[in-house]
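> I have a structure I would like to understand better, so I am pasting it below and will then ask my questions one at a time.
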Amino acid sequence: MGAVLRGARGSGPESDALSVIRAGLRAADVGPGVASALAGGVLRAGRRRVRLSEYGRVCVVAYGKAAAAMAEAADAAAPASDGIVVVPAGSPAPRLDSSRYDVVRSSHPLPTRRSVAAARAVTGRVASLRRGDLALFLVSGGGSAMLAAPDGVTLEEKARTTALLISSGATIREINLVRRGLSRIKGGGLVEGMECDGAALVASDVRGDDPADVSSGCTMASAYDPATALAVLKRHRILSRVPRAAIRALGGRRRAASRRARRIPHAVVASNADCVAAMRATARSLGYAVREADSYGDVGEAARRIAAMLPARRRTCVVFGGEPTVRVRGGGRGGRSQELVARLLLRCRRQGTVAASVGTDGIDGNTRAAGALADPGVATPREIGKFLACSDSNALFARRGGLVVTGHTGTNLQDIGVLLNSI
């Protein structure tokens, strides 16, 4: 997961910022957490401790952006009988025994026919398990789009609704709330009526690390309230643009949490906090006074809050993690991290200042970059403002320098960033 930085010098504050970011990316490796949860062939999930050898069949069901890495770690720690691993199209293939594991490539960030096929394959595998077997779910962010089982809508209507939510500035929790209302398998539907035992190890890409919010909680039941889902569409002013069938489906049901799904134990084995802790330690080792923030909420407000933590005359590094929300304007290219860096540079113009933010999954928005790292000299405030006016932060850094490119990292623990003053 080594980052490739374009358009920055190899020493000084840019180098320090990159060192901090690299530490965060290394800490985003989901493998150690999975291995620890399965050490010695004993499953540790919540309060549950059980020897995997007690089951006749142990089946790994992995999906999300970190599915390959999680499945590899699980198989190395405690080889399974068989498994199915759903990975993003374009990502490296997992190194697994093809005689035991089926690998399915699916779509992100919008569901496609691949997503429907992946959901069908996963539900079929789960249905094949019987009493005395164990379904070991390995869950990571991205699975909401990669597993699609539309309920009350067509695939195209569901994809349209998802696209509107993503560009509206809605939070991931709000997006997943609506997704659950349009799916047969989200909100615990995947494990409803499952005959075998089950447990889930989760790599969290959500604020608060609630497993019910990771990949829309396919393995953890959550109640669905139509009024709340419709309120999300109204709040973000997209109700009139959402397909009518989706409105009818969202408003036509009320679902209580399933007791069967609720009893499946879950354990979060990796989260954004791991990345922030590693960045904090690295910044201190480089001689910086360290402050910690988060990047949740509106991207403009997040930039204001983070920038306010940087003192004027002290060698300080602000490390942060999370995911800001962005309301897309115009037809430009960009992502949360690139826009956040641009907005930080609008607020921090001092010499010796560097801002950086990257997605731990290696993909920021609708671009091939993971994020950006730059100093105020990259552009004037007026120039930056012009790019932001049409949500074109990628063009800003592509032309002036500062894109961070990693490719698919095999993990997904939200975004990480740094704002430092080296003087």
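The values are calculated or read from the model by the stated rules, or taken from the named source; none is laboratory data. For clarity, every value in this text was computed on a predicted model and none was experimentally measured. Counting neighbours? That spans all protein chains shown, and the Cβs are built from the backbone with ideal geometry, glycine included. Ligands, DNA and RNA are excluded from the accessible area calculation, which covers all protein heavy atoms including side chains. Shrake-Rupley method; radii C 1.70, N 1.55, O 1.52, S 1.80 Å.
> Tell me which residues come under 5 Å, amide H to amide H, from residue 108 once H is placed; ignore anything under 5 positions away on its chain.
Close amide H contacts, sequence-distant or interchain: 89.
> Same structure again: Once the whole set of protein chains is in place, how much accessible area is left on residue 65, using a 1.4 Å probe, in Å² to the nearest 10?
Only protein atoms counted, so the area is about 40 Å².
> Could I ask something else about it? Okay, which of the stretch 298-337 sit inside 20 Å, backbone N to the point 7 Å along the Cα-Cβ direction of residue 237?
Counting backbone N atoms under 20 Å from the label point, the list is 298-302, 325-332.
> Semi-axes, largest first, in whole Å: what does sqrt of 5 times each Cα gyration tensor eigenvalue give for the chain?
Equivalent ellipsoid of the chain: 37, 26, 17 Å, largest first.
> Binning every alpha carbon pair distance of the stretch 80-151 at 5 Å from zero, what are the percents per bin?
P(r) for the stretch 80-151, in whole percents per bin: 3, 16, 26, 25, 18, 9, 3, 0.
> Here is a follow-up. If you bin the C-alpha pair distances of the stretch 301-364 every 10 Å from 0, what whole percents do you get?
Going out from 0 Å in 10 Å bins, the stretch 301-364 shows 19, 53, 24, 5 percent.
> Here's another thing I want to ask about it. For the chain, what is the mean residue ellipticity at 222 nm derived from helices alone (per DSSP H run of n ≥ 4: -39500 (n - 2.57); sum divided by total residues; nearest 500 deg cm²/dmol)?
-10500 deg cm²/dmol
> Return the whole-Å distance between the Cα centroid of the stretch 333-376 and the Cα centroid of the stretch 23-68.
Here the answer is 33 Å between Cα centres.
> Let me ask you something else. Mind listing the Cα extents of the stretch 1-158 along all three principal axes, in Å, largest one first?
That gives 60, 46, 31 Å along the principal axes, largest extent first.
> Right, here's the next one. Provide, as a two-decimal number, the C-alpha radius of gyration of the stretch 108-252 over 2.2 N^0.38 Å, N being how many residues it has.
Its radius of gyration relative to the 2.2 N^0.38 Å reference: 1.02.
> What aspartates and glutamates could a cross-link reach from residue 234, if we take a straight Cα to Cα line under 19 Å and drop same-chain neighbours fewer than 8 places away?
Correct list for residue 234: 157, 174, 225, 298.
> To test your reading of the geometry: what angle, between 0 and 90 degrees and rounded to tens, separates the Cα axis of helix 67-77 from the longest principal axis of the chain?
60 degrees
> Regarding the stretch 298-407, what is the average projected area of its C-alpha convex hull, in nm²? Each step should come with its number before you reach the end.
On the way: hull surface 24.9 nm².
For the stretch 298-407, the mean projected area of the Cα convex hull comes to 6.2 nm².
> If I build a Gaussian network model for the chain, linking alpha-carbon pairs within less than 10 angstrom, which residue out of 211, 88, 32 has the largest mean-square fluctuation?
32
> Please work out the FRET efficiency for the pair residue 273 and residue 382, using the Cβ-Cβ distance as r and a Förster radius of 45 Å; give the result to the nearest 0.05.
Numbers: r = 38 Å, r/R0 = 0.84.
The formula returns an efficiency of 0.75 here.
> Using θ = phi - 60° and the Karplus relation 6.51 cos²θ - 1.76 cosθ + 1.60, list the HN-Hα couplings for the stretch 389-395 in order, rounded to whole Hz, with x at every Gly or Pro.
Here the 3J(HN,Hα) series is 4, 10, 6, 10, 4, 4, 5 Hz.
> Give a residue-ordered list of calculated ³J(HN,Hα) values for the stretch 131-137 (Karplus: 6.51 cos²θ - 1.76 cosθ + 1.60, θ = phi - 60°; whole Hz; x for Gly, Pro).
Couplings: 4, x, 9, 9, 9, 9, 7 Hz.
> Sorted from largest down, give the three principal axis spans of the alpha carbons of the stretch 238-378, whole angstrom values.
58, 42, 27
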